[in-house]
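Student: Mind having a look at this structure? Questions to follow.
Where a number appears in this text, it was derived from the coordinates with a stated rule and is not lab data. Fair warning: this is a prediction, and the values are worked out from it, not measured in the lab. So basically every Cβ, Gly included, is an ideal-geometry build from the backbone, and we count neighbours across all protein chains shown.
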Amino acid sequence: MIRLRENTDLREMTTFGLPAMCGRLVEFSDPVNDLPELDRRGLLDRAVLLGGGSNMLFTAPAPALTVIHPANDSITVDKTPDGQAIVTADAAVVLDGLCHTASQLGLWGLENLSGIPGHIGGAAVQNVGAYGVELADLVDSVTCYSRKNHRFVTYSKEDCQYGYRDSIFKHQEPDELLVVCRVTLRLQATPRLRLGYKGLYDTLCERYSLDRGNPQQYNITELLKAGISPLSVRESVMSLRDSKLPAPSETGSAGSFFKNPVVAAETLEAIISRWKEKSGPAAPPLPYHMLPGGTAKLSAAWLIDKAGCKPFTEGGAALWQTQPLVIVNLSGEATGADVVRLEKAVISQVESVFGVTLTPEVIHI
Ligand SMILES: Cc1cc2nc3c(=O)[nH]c(=O)nc-3n(C[C@H](O)[C@H](O)[C@H](O)COP(=O)(O)OP(=O)(O)OC[C@H]3O[C@@H](n4cnc5c(N)ncnc54)[C@H](O)[C@@H]3O)c2cc1C
């Protein structure tokens, strides 16, 4: 079914809760019939997709913009004889609801991604990640409607070209518009723990009163004997998230506003020397994580904090004090323009202290 509304404010459909006027909102629930129909009527031309609206910033009113909002939300689960489960979820399935369903069924894979707002369609575009897992680790295929080719296309995981918060769906030609309709995931019916994130491992050891042991060798056997399950990992993830991130129901945000910068090894040395020079010998060492291929990932939150940005505000927009990577609609009355001013102020301050240019993770419209 197709539902069309003119001149709509999308404020309630985005987690930032900022004013977001668009010229036309088109919702559909039956991709097979509705998308070719919308295509024929030219409604997919230069349109923008909106899923759960948890990673989008509408910077200004957009009276000429058409926004397409999938509303199809069925799930199927097929267990295979080799201990896997093929889970197929329509684009508008709520990611956290899917994490809950899979965990309740005893399926491993999605539990570390618990608590991330938004829909599975948006998650497959953004390649969401948390606590050592990215959606790409679980994707089997993604089915889309291509406006350019006027047909449905299924992308294998390799076709999706997943990277850090990146996928082929973020690099489309202006006339292309790939509408993600369905995502197929491969989950495991047998235990497959991902405990590389130390905070999560520590929380689970506490929960099961286990000795953390040698940090290089996780006590996975002991955790399994103690009865660890996808549901208990999910609960631990949720409690870790609650302690750091704003609850979307209380404070508007789009989660991490900036990406963690990835720099070449020589650039890393220059950044470290610059930081030592600026801050003196007693300064805390700059944290980084070496990646395969010799590049280094820096912590954007640490850079923002140490550059002194935490007190910055612009209109109703501010940084979340326990996680300054998150820009929040603190007053509830912020505008897209406030957020953009704050974003620019943070980028400029981090650049002047570290010589590193932050790039936003949040999609700007
Ligand atoms: C409090 C909070 C915490 C968060 N924590 C995390 C976290 O831990 N890890 C993480 O990775 N992210 C996190 N996020 C960011 C966000 O939740 C994810 O990026 C999420 O997957 C976006 O999904 P969505 O459905 O809301 O997409 P939207 O925000 O609606 O859209 C995101 C992008 O995907 C496109 N898109 C959406 N649906 C479709 C579709 N069906 N077809 C084609 N394109 C589409 C949009 O056009 C846009 O470009 C957090 C956000 C908030 C508010």
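Student: Can you compute the equivalent ellipsoid semi-axes for region 166-212, i.e. the square root of 5 times each eigenvalue of the Cα gyration tensor, sorted largest first and rounded to whole Å?
Tutor: On the way: eigenvalues 312, 44, 11 Å².
Ellipsoid half-lengths, sorted descending, are 40, 15, 7 Å.
Student: With θ set to phi - 60° and the Karplus curve 6.51 cos²θ - 1.76 cosθ + 1.60, what are the ³J(HN,Hα) couplings of region 39-56 in order, to the nearest whole Hz, using x for Gly and Pro?
Tutor: 4, 4, 7, x, 7, 8, 5, 6, 8, 10, 8, 10, x, x, x, 9, 9, 10
Student: When a/c is below 1.5 the answer is rounded, else prolate if a/b is larger than b/c, else oblate, so apply that to region 2-70 with a ≥ b ≥ c taken from the square roots of the Cα gyration tensor eigenvalues. Could the numbers behind the result be given before it?
Tutor: Working: a/c = 2.29, a/b = 1.65, b/c = 1.39.
Cα axes put region 2-70 in the prolate bin.
Student: How long, wide and thick is region 132-203, going by the Cα atoms along their three principal axes, in whole angstroms, largest first?
Tutor: Reported extents, whole Å, longest axis first: 49, 25, 17.
Student: Ranked from highest to lowest mean number of other Cβ atoms within 10 Å per residue, what is the order of the peptides 350-357, 204-211? Please report the intermediate quantities before stating the final value.
Tutor: On the way: 350-357: 16.4, 204-211: 14.2.
Most protected by this proxy first, the peptides run 350-357, 204-211.
Student: Ok, one more. Cα to Cα, under 14 Å, and not fewer than 8 places away if on the same chain: which aspartates and glutamates meet these conditions relative to Lys310?
Tutor: Lys310 reaches Glu343.
Student: Report, largest value first, the span of the C-alpha coordinates of region 75-188 along each principal axis, in whole Å.
Tutor: Each principal axis gives a Cα extent; for region 75-188 these are 42, 28, 23 Å.
Student: A follow-up question, please. What number, in percent, do you get for the relative contact order of region 75-188 if the mean sequence gap of Cα pairs under 8 Å and at least 6 apart is divided by its residue count?
Tutor: Numbers: 224 pairs, mean separation 35.7, N = 114.
So the answer I get is 31 percent.
Student: Rounded to the nearest whole Å³, what is the per residue volume of the convex hull around the Cα atoms of the chain? It would help to have the intermediate numbers written out before the result.
Tutor: Values: hull volume 55.6 nm³, N = 365.
In the chain, the Cα convex hull volume per residue is 152 Å³.
Student: Additional query: Which shape class, rounded, prolate or oblate, goes with region 198-244 when its Cα gyration tensor gives a ≥ b ≥ c as root eigenvalues, a/c under 1.5 marks rounded, and past that a/b bigger than b/c marks prolate?
Tutor: Note, shape of region 198-244 comes out oblate.
Student: Where does each of 271-278, 169-176 land if you order them by average Cβ count within 10 Å, highest first?
Tutor: Taking the mean over residues of other Cβ atoms within 10 Å, the ranking is 271-278, 169-176.
Student: Okay, moving on. Go through Ile304, Leu200, Thr15 and say which Cα lies farthest out towards the positive end of the charge dipole of the chain; charges sit on Cβ, +1 for Lys and Arg, -1 for Asp and Glu.
Tutor: The Cα lying farthest towards the positive end belongs to Ile304.
Student: When the scattering of region 211-351 is computed by the Debye formula from its Cα atoms alone, each counted once and equally, what is log10 I(q)/I(0) at q = 0.11, 0.16, 0.19, 0.22 Å⁻¹?
Tutor: So the normalised log intensities work out to -0.59, -1.00, -1.12, -1.24.
Student: Could you name the lysines in cross-link range of Lys170, using Cα to Cα under 23 Å and dropping any fewer than eight places away on the same chain?
Tutor: Lys148, Lys157, Lys259, Lys297, Lys344
Student: Counting pairs of alpha carbon atoms under 8 Å apart in space and at least six apart in sequence, what relative contact order in percent does the chain give?
Tutor: Working: 730 pairs, mean separation 61.2, N = 365.
Once normalised by length, the contact order is 17 percent.
Student: Excluding same-chain residues fewer than 8 positions from Lys225, which lysines have a Cα within less than 27 Å of its Cα?
Tutor: Candidates past the 8-residue exclusion: Lys79, Lys198.
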